[in-house]
1. Determine, for each peptide in 512-521, 150-159, 436-445, 80-89, the mean count of other beta carbons within 10 angstrom over its residues, then list the peptides with the highest first.
2. Please work out the C-alpha center-to-center distance from the range 27-46 to the range 206-237 and express it in whole Å.
3. Please work out the C-alpha center-to-center distance from the range 428-477 to the range 511-532 and express it in whole Å.
4. I want to check the label-to-label distance for residue 6 and residue 453. Put each point 7 Å from Cα in the C-beta direction and report it in nm to one decimal.
5. Using the Cα atoms as the points, what is the convex hull volume per residue of the range 127-277 in Å³?
6. Under the rule of -39500 (n - 2.57) per DSSP H run of 4 or more residues, summed and divided by the residues of the chain, what mean residue ellipticity at 222 nm is obtained, to the nearest 500 deg cm²/dmol?
7. If you take every DSSP beta bridge whose two residues both sit in the range 4-96, what share of them, in percent to the nearest 5, is antiparallel?
8. To check you understand DSSP bridge types, tell me what percent of the beta bridges within the chain (both residues inside) are antiparallel, rounded to 5.
């Protein structure tokens, strides 16, 4: 019979019974919002907790690598490394919590074209939910199937994040057992049900009023949602279980809505170009334009589409989690306390910043938009050299006694931060952003070469991160080509969500989606001639422009 110990969680005083031998991460994740950017693999160092209980075993090597001496003295541990072997009392510091705040993913409220897939009666209410199933955020749009208007919209954190911030972590978790895949599927369905209920409550409607769901997500998210094997998405040659539209019902998924309610998952283009990218194309319709259009969807992964009515090309770039703040020393997603914008005065090196939550939230770290602003500002002020190395004469430059003396620049000392968190950027962080930015700009330039153009007419930036950042900072660091090449730059809130709405309301749009999928050519970046050489050349900041 399994042994259990009581875990008291401060400051709320919540009592949790945890099975002996489990980690605190596993014990707490079902009950509290605890950061787990790397899925509990001991890589990110973000699941910080304070263990109040005395006489605990010494910290292991993973903990000493990720925790400063000041944090260790204050009782900090990593939840993924502490094994439950006794009753414990723990405190959740602000820096270790995932506060659940989600920046809204807005779309145009409508009306949109309506061509329903079912016969509508005059005296009944017909609603449907369009869903943008992101790796980090899930957004839902409750639509009137008669009028084409969006009646309510909500977003929530993807609860799968407790098993890792990126799709590879979730592929690995799901691949360990059918039960793990079922668990991830259940979490996605819970999020969708929550969004549906929240939106329905706002418009005083019930589940019986919903007649259909349409979901757009990346290939991994869609596979998990449908309960399909994702293991082949995690190894070469990266073959999806299916590229086609998936038609289910809520009954088949175990969702308690009207019997037979349709549940449609949009088709995907390739292993790493999913239904969300296809939805972006459906919303902007570059395939109907003369102008050469570039769509860049930046989030946990990067998808790029280039083309016009003469033809469409697409690719995906392994940006890694850096652009959403994960796996950076002081990185975090765009939630309360995240530095979302910042600047450095070149003459005085004075650092100024803006956090999500404004004056009520002390800085806890940098989200993706904040880290791009920071590095662009460091380049302009001379704090970072063209190759990515720090200027050792810059204010705040220091080296850490840990990690073999890795260089860092401190911007907010721990003693000056109400959250008692030191805000800094390390040389390793700069390298991570260099890899991400090189992946994006190399992908864009390779597509341009494939299509045979030197200039783009329209550049569309979208995605949870793509619309939220200062794209001029991306140009400064060389993540995007120069302004002359980009043409007209347009930032949009959520093209994927809008495309999902169109597919929900208009049955012809779904047919259009299948046609676009078959006509869009996928380019594997890694297979392009001299790709690695070009990628390495693009890691530098030499050609950074405004």
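1. Working: 512-521: 16.2, 150-159: 20.5, 436-445: 23.0, 80-89: 17.9.
Listed from highest to lowest mean packing, they are 436-445, 150-159, 80-89, 512-521.
2. First find each Cα centre; the distance between them is then 24 Å.
3. Result: 17 Å between the Cα centres.
4. So the label points at residue 6 and residue 453 sit 6.6 nm apart.
5. On the way: hull volume 14.5 nm³, N = 151.
Dividing the Cα hull volume of the range 127-277 by its residue count gives 96 Å³.
6. Working: 15 runs with 153 residues, N = 546.
Calculated mean residue ellipticity at 222 nm is -8500 deg cm²/dmol.
7. Values: 12 of 16 bridges.
Percent antiparallel among DSSP bridges in the range 4-96 is about 75.
8. On the way: 58 of 89 bridges.
For the chain, the DSSP antiparallel bridge percentage is about 65.
Read-outs: derived from the displayed coordinates by stated rules, not from any lab. Computed from a predicted model, the values in this text were never measured in an experiment. All Cβ positions, glycine included, derive from the backbone under ideal geometry; neighbour counts span all protein chains shown.
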